[in-house]
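S.K.: This is the structure, below, for whatever I ask next.
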Amino acid sequence: MLQEIKYAVDILQNGELIALPTETVYGLAADATNDEACQKIYALKNRPSNNPLIIHVNSIKMAEEYADFTADARALALDFWPGPLTLVLKARQDAINKIAPSVSKNLDTIAIRCPAHDVTLKIINELGVPVAAPSANPSNYVSPTRLEHVKEHFPNLPFINGGKTQYGIESTILDLSTDEYKLLRPGYIFKETLENKLNKKITAIFKEEEKIIAPGMLKKHYSPRLKIRLNAENLEKNELGLNFANSGFNSNYSRNLSPKGDLFEAAVNLYDMLIELDKVGLANDFKQIAIAPIPNSNIGVAINDKLKRAAS
Ligand code: TXA
Ligand code: MG
């Protein structure tokens, strides 16, 4: 077994936490069957205790041990796993005793995904049970896309270094646990793509005005320490800028999510640049980050959703 895989598995088996890379953002991982370990996640992140965790599996086979894998769940998993799609499914009755109570709280559902990251998949494989892993940031702060982001907040946390994450924003969350399918969080796997695959309408309920189901839908989230101003056309006093395409915020330290106006590139850079601007802005007495308008199509939907929460 590779040295780093054994290292991670030992830590998880000892009931300790470790930062693991995924294709979306870094996760703060614990053995999902060890309640004491999972509780440490809440303590370290200062996470509200009613916000359930996603379990990460290495295969459909492992997922089926814990959730009612419907035909639609299987169809989606076959197409999109490993990858940035989390499925909320009815938990299997015989699994309720296996998964730590602090993972799913008192819900009768469970959120599951299979991350597209080779090392993390091998770790889960070797561990033999799922890992529970929220994003490896203090609750409400921006999610980490680089190991350095994790270390800044949790300097003593063991880790596996996976470099910069591939997608840079969290997985899409689709709730298949009731007759009405619901998109709880937008991401790289789009609602339209899922609808086409299932030949069924999906209700998007991540919009702020709707009822809160996934606490990731909590209005305030993903927030840097500096204030955020959205749809900015120019820079005001004490602001640094986050550009998109040819928006022209030219002050010191301003950055561009994608000079060529590519939304996918913008999504990959979003948290990374927010964290950078937050840090450099604080150090240089800026008060606010002005963000250029981002088109609200394909992955722009997820970007705008994150930005709205960061600004609120
Ligand atoms: O890309 C990702 O999904 C990353 C990486 C680390 O895998 N993880 C992540 O976890 O974003 P976290 O904890 O930051 O977000 C998990 C979301 C929360 O909004 C939570 O409320 C929701 O999943 N969730 C978990 N279990 C749920 C359930 N049974 N029903 C509805 N929502 C659930
Ligand atoms: Mg998070």
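The values are calculated or read from the model by the stated rules, or taken from the named source; none is laboratory data. Note that the coordinates shown come from a computational prediction; the quantities given were computed from them, not determined experimentally. Don't worry about glycine lacking a Cβ; one is built from the backbone with ideal geometry, like all the others, and counts go over all protein chains shown.
S.K.: Please count how many residues of the range 139-167 are near ligand 2 (Cβ under 10 Å from one of its atoms) and of a type outside the set (Val, Ile, Thr).
M.R.: So the count comes out to 5.
S.K.: Only one of 127, 85 is touching a residue at least 40 places away in the same chain (Cβ under 8 Å) and either crowded, with 22+ Cβ neighbours inside 10 Å or within 16 Å of ligand 2 (Cβ to nearest atom) (or both). Can you tell me which?
M.R.: Among 127, 85, only 85 is touching a residue at least 40 places away in the same chain (Cβ under 8 Å) and either crowded, with 22+ Cβ neighbours inside 10 Å or within 16 Å of ligand 2 (Cβ to nearest atom) (or both).
S.K.: Out of the residues in the range 1-21 meeting the condition of being part of a helix (DSSP H, G or I) and free of Cβ contacts under 8 Å to residues at least 12 places away in the same chain, tell me which one is surrounded by the most Cβ atoms within 10 Å (Cβ to Cβ).
M.R.: 10
S.K.: Which of the residues belonging to the range 111-124 are among the charged types (D, E, K, R) and either crowded, with 24+ Cβ neighbours inside 10 Å or touching a residue at least 40 places away in the same chain (Cβ under 8 Å) (or both)?
M.R.: 113, 122
S.K.: Does residue 278 qualify as being surrounded by 14 or more Cβ atoms within 10 Å (Cβ to Cβ) and within 16 Å of ligand 1 (Cβ to nearest atom)? Step through it out loud before you land on a result.
M.R.: Details: surrounded by 14 or more Cβ atoms within 10 Å (Cβ to Cβ): yes; within 16 Å of ligand 1 (Cβ to nearest atom): no.
When the stated conditions are applied, residue 278 does not pass them.
S.K.: May I ask you to list the residues in the range 30-73 that are under 13 Å from the mean Cα position of the chain (by Cα) and either under 18 Å from residue 123 (Cα atoms) or without any contact (Cβ under 8 Å) to a residue 60 or more places away in the chain (or both)?
M.R.: Matches in the range 30-73: 54, 55, 56.
S.K.: Answer with yes or no whether residue 75 is surrounded by fewer than 18 Cβ atoms within 10 Å (Cβ to Cβ), at pLDDT 95 or above and hydrophobic (A, V, I, L, M, F, W, C).
M.R.: Values: surrounded by fewer than 18 Cβ atoms within 10 Å (Cβ to Cβ): yes; at pLDDT 95 or above: yes; hydrophobic (A, V, I, L, M, F, W, C): yes.
When the stated conditions are applied, residue 75 passes them.
Let's see how each residue does on (1) out of contact with any strand residue (DSSP E or B) (no Cβ under 8 Å at 6 or more places or on another chain); (2) part of a loop (DSSP other than H, G, I, E, B); (3) of a type in the set (S, T, N, Q); (4) over 26 Å from residue 166 (Cβ atoms):
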| position | (1), (2), (3), (4) |
| --- | --- |
| 225 | yes, yes, no, yes |
| 228 | no, no, no, no |
| 247 | no, yes, yes, no |
| 267 | yes, no, no, no |
| 276 | no, no, no, no |
| 282 | yes, no, no, yes |
| 290 | no, no, no, yes |
| 303 | yes, no, no, no |
